[in-house]
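A.B. asks: The structure under discussion is supplied below as structure tokens; questions concerning it will follow.
We did not get these values from a lab; they are worked out from the coordinates using the rules stated. Just so you know, these numbers come straight off a predicted model, no measurement behind them.
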Amino acid sequence: LSFLKHYLEKAKIPVQLKGFLEGSFYVYIDNDSKASEAEIKLKILRAQTTPMSIKTLNQTIPKLDLSKGKQAIVLDCVLENGHLRLKKFNIPGPDLSIDLSGSARLSRRFDVNNLSFDGKFSLSDKITEEIPMLGDMLAQHKNADGSFPLTVRGSGKKPKIKVGDFQISDFFNL
């Protein structure tokens, strides 16, 4: 998932995550991505970020609690025949919650292509109060349940990340 770090750094959003990791993973890497296999099932308990500076918004997001108590961040994915299938990626919150699933195709050199991820996310009042501009930008895309629709399409080098109709990847110059 180093490509995620690349995008966050490019958007000037340094993220440091603290928590307790548990789970299992099996990974076999071959020179040909179609022969490679992986099965990853991880949980991160009591996960939180350090404060993050978002230079594009000229704002700082405070420390975020991503999972509390017995709730955990869940990552469940499989790599088979050059396809990464994200069965479940869930951040329970309370400050930021995300539900995401989908797939991506890997090229022979492990470049990530054909991203197709769908889900939704929610922000706590804490975040929208700290960064009112963010809440204002996203308000018109809010679902009836208070969440925001999230889609990720395109290539790993230049993904199109959308919240409703708003292409957030263009805003953050990803």
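A.B. asks: Grab the DSSP H runs of the chain that are 4 residues or longer, score each as -39,500 (n - 2.57), total them, divide by all residues and round the 222 nm result to the nearest 500 deg cm²/dmol.
C.D. replies: Details: 4 runs with 26 residues, N = 174.
Using -39500 (n - 2.57) per qualifying helix, the result is -3500 deg cm²/dmol.
A.B. asks: How much of the pair distance distribution for the chain lies past 24 Å, counting alpha-carbon pairs only, in percent? Present the calculation step by step, with values, prior to reporting the outcome.
C.D. replies: Working: 5889 of 15051 pairs.
Everything past 24 Å amounts to 39 percent.
A.B. asks: What aspartates and glutamates could a cross-link reach from LYS87, if we take a straight Cα to Cα line under 13 Å and drop same-chain neighbours fewer than 8 places away?
C.D. replies: GLU39, ASP76, ASP99, ASP118
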